[in-house]
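Engineer: Mind having a look at this structure? Questions to follow.
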Amino acid sequence: MPVIVWFRQDLRLADNPALAAAVATGEEIVPLYILDPGTPLGGASRWWLHGSLAALASGLERCGAPLVLRRGQAADLLPGLIGETKARSVFWNRCYEPAAIARDKALKTALVAQGVEAKSFNASLLAEPWDVRTGSGGPYKVFTPFWRSLSARAPFPSPLPAPKKLRGAARIGSDDLAAWSLLPTKPDWAGGLRAAWKPGETEAARRLSHFLDTCAARYAQARDLPGLEATSRLSPHLHFGEISPRQIWAAADARAHAVPRAASGIASFLREVAWREFSHHLIYHWPGMVERAWKPEFDDFPWTDDPASLAAWQKGCTGYPIVDAGMRELWATGYMHNRVRMIAASFLVKDLLIDWRRGAEWFEDTLVDADLANNRAGWQWVAGSGADAAPYFRVFNPVTQGQKFDPAGDYVRRHVPELARLDNRFIHRPWEAPPAMLSEAGIVLGQTYPKPIVDHARARERALAAFADIRKS
């Protein structure tokens, strides 16, 4: 009898445990993807999902098992599909967001009660969150000992090969992907995304190979420089499951052994992969951190309701070039360099005193790699309210951060072209440039480029005072 393989955040054929287990049964396979209209999905993520599903459908079709698309809630749709196909088993790979865990537990209970076999597998983490424990048996709250414990588990199981052929069931009714209207049309704002990205498993593998060939050896030194091509840009492929962390670890580890001069950079890169694992570890053990501060004292922080400043930040019009460059890169490409994410986030929560949740929501709407665990843990890290977070009194200075990590202004000039002709000395502080220099560069502050919406030094003092107040209380 057929096995339904329910794809979710694992949109690939290789190293897909649920698919491999279904193949091992020898039964016919019904690949399924369900679009739940109730699940929040930002505009950039919708664009990526369309491309990723198209790539997955093409790969499955070539193997002989067409992808079935259905729209609705899994609890409502799965029983009908089980009856339609006479399937006796449903296999899926686990998700770790709180809502997904609750959904999957309820589904598994209901399916088993109906006499349907329901099995879940780990496809998206190097180790299950409940398997990585401290010496006392609890979850980790600090990254470094978590990293030591996780890396001690290496080597991890070898990635599973992609099936060459699948025994598909008789063709089953499916929604048309285009009818889901995941792509923007009026207006079509996705031109920058199309220029920057190509969703799908094949592209994920190509991007990993390119990174290991060209950037990995210098990753430790260059990963914080947004003006360079020095990072893997694998995060959206990982988020949608077009590549697994086991595939990344295996390929990176093999390269480190084959090219010893790259070993240091690859070790730094794998440590960043482990930060993703740590974020999922945290959200599994502390699901409330999606909406509430991980450190409870921050729930009483006196955030400011300032729609105008929030809008200026979202549009990349704060008057601080490194912040504006990051926000404009995000809007144009659905991505922002990780160092700049920290700078832009610090500016929102500390210079503007705007709630970190507002920033997290904007990122989730505009990022192609809008991973709930990574995003929420990252914002809480910057805000000082999360696990192993930066101290609240660590307030990034957007000028000195720009000077340190984009010294020639290459990143700023790429994304804030109205500053392109400004001298390097003032590219990160145009308000201090001599009037003649501004004129020569074609810049009129307040017209062609905004003046700073806040004075950083004063904003820093305000933030530190607010932090001191919640500590006293």
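Engineer: Any idea what % of Cα-Cα pairs in region 3-123 are farther than 26 Å? Please list the in-between numbers first.
Structural biologist: Working: 991 of 7260 pairs.
Of the Cα pairs, 14 percent sit more than 26 Å apart.
Engineer: How much length, in nm to one decimal, is gained on full extension between residue 213 and residue 393, taken as 0.36 nm per residue of separation minus their Cα-Cα distance?
Structural biologist: Details: separation 180, 0.36 × 180 = 64.80 nm, distance 3.93 nm.
Length gained, residue 213 through residue 393: 60.9 nm.
Engineer: How big is the C-alpha Rg of the chain next to the rule-of-thumb value 2.2 N^0.38 Å, as a ratio? Display every interim value, and only then the final one.
Structural biologist: Values: Rg = 23.7 Å, N = 473, 2.2 N^0.38 = 22.8 Å.
That works out to 1.04 for the chain.
Engineer: So, one more: Equivalent-ellipsoid semi-axes (√(5λ), Cα gyration tensor) for region 244-374, whole Å, largest first? Provide the component values of the computation, followed by the final result.
Structural biologist: Working: eigenvalues 199, 79, 29 Å².
Whole-Å semi-axes of the equivalent ellipsoid: 32, 20, 12.
Engineer: Can you work out the PRE-style zone for residue 306? Point 7 Å along Cα to Cβ, and I want the residues of region 322-361 with backbone N under 11 Å.
Structural biologist: Output list for this probe position: 347-355.
Engineer: Right, here's the next one. Can you pull the percent of Cα pairs in region 299-355 with separation above 17 Å?
Structural biologist: Working: 525 of 1596 pairs.
In whole percent, the share of Cα-Cα pairs in region 299-355 beyond 17 Å is 33.
Engineer: Here's something else I'd like to know. For 261, 425, what ranking results if the residue with the fewest other Cβ atoms within 10 Å of its Cβ goes first? Provide the component values of the computation, followed by the final result.
Structural biologist: Values: 261 9, 425 12.
The fewest-first ordering by Cβ neighbours comes to 261, 425.
Engineer: Full-extension gain between residue 424 and residue 1, please, as 0.36 nm times their residue separation minus the C-alpha to C-alpha distance.
Structural biologist: On the way: separation 423, 0.36 × 423 = 152.28 nm, distance 6.78 nm.
Extending this stretch completely gives an extra 145.5 nm.
Engineer: Say the dipole of the chain comes from +1 at the beta carbon of Lys and Arg and -1 at that of Asp and Glu; which of 293, 130, 4 then lies farthest toward its positive end?
Structural biologist: It is 130, whose Cα lies furthest towards the positive end.
Engineer: Sticking with the crude label model, points 7 Å out along Cα→Cβ, report the distance from residue 24 to residue 361 in nm, one decimal please.
Structural biologist: 4.4
Engineer: Also, I was wondering about something else. Once the piece of chain linking residue 151 and residue 130 is laid out straight, how much longer is it, given 0.36 nm per residue of separation minus the C-alpha distance between them? Kindly include the intermediate steps, with their values, before the conclusion.
Structural biologist: Working: separation 21, 0.36 × 21 = 7.56 nm, distance 1.56 nm.
Working it through step by step, the gained length comes to 6.0 nm.
Engineer: So for region 98-178, considering every pair of alpha-carbon atoms, how many percent are separated by more than 20 Å? Could the numbers behind the result be given before it?
Structural biologist: Values: 2049 of 3240 pairs.
Across region 98-178, Cα pairs with separations above 20 Å total 63 percent.
Engineer: In addition: So what's region 204-295 giving for Cα Rg divided by 2.2 N^0.38 Å, two decimals? Show your work: numbers first, answer last.
Structural biologist: Numbers: Rg = 14.7 Å, N = 92, 2.2 N^0.38 = 12.3 Å.
Normalised Rg, Cα atoms only: 1.19.
Engineer: Remind me, relative contact order of region 35-130 in percent, using alpha carbon pairs under 8 angstrom and six or more residues apart? Present the calculation step by step, with values, prior to reporting the outcome.
Structural biologist: Working: 58 pairs, mean separation 24.7, N = 96.
Reported as a whole number, the value is 26 percent.
Engineer: For region 216-267, calculate the relative contact order in percent as a whole number, restricting contacts to Cα pairs under 8 Å that are 6 or more residues apart. The partial results should precede the final answer.
Structural biologist: Details: 37 pairs, mean separation 26.2, N = 52.
Answer for region 216-267 is 50 percent.
Engineer: Can you give me the Cα centroid spacing of region 401-431 and region 197-269 in angstrom?
Structural biologist: 28
Engineer: If you don't mind, there's one more thing I want to ask. Between residue 461 and residue 174, what's the calculated FRET efficiency when r is the beta-carbon distance and R0 is 56 Å? Round to 0.05.
Structural biologist: On the way: r = 59 Å, r/R0 = 1.06.
About 0.40, to the nearest 0.05.
Engineer: A follow-up question, please. What number does region 296-472 give for Rg over Rh if you use C-alpha atoms and the Kirkwood radius?
Structural biologist: On the way: Rg = 16.0 Å, Rh = 16.5 Å.
My calculation puts Rg/Rh at 0.97.
Engineer: Additional query: Under 21 Å between alpha carbons, and skipping anything fewer than 8 positions from residue 86 in its own chain: which lysines qualify?
Structural biologist: Output for residue 86: 108, 119.
Engineer: Quick one: 237, 428, 210, fewest Cβ neighbours within 10 Å first, how do they rank?
Structural biologist: Numbers: 237 30, 428 25, 210 14.
Least crowded to most crowded, the residues run 210, 428, 237.
Engineer: Still on this model: Separation between the residue 470 and residue 206 pseudo-spin-labels, each 7 Å from Cα along Cα→Cβ, expressed in nm?
Structural biologist: Between residue 470 and residue 206, the label points sit 4.5 nm apart.
Here, each number is a calculation from the coordinates, and none is a lab measurement. It should be emphasised that the depicted structure is a prediction, and the values quoted were computed from it without experimental measurement. Virtual Cβ from ideal backbone geometry, glycine too; neighbours counted across all protein chains shown.
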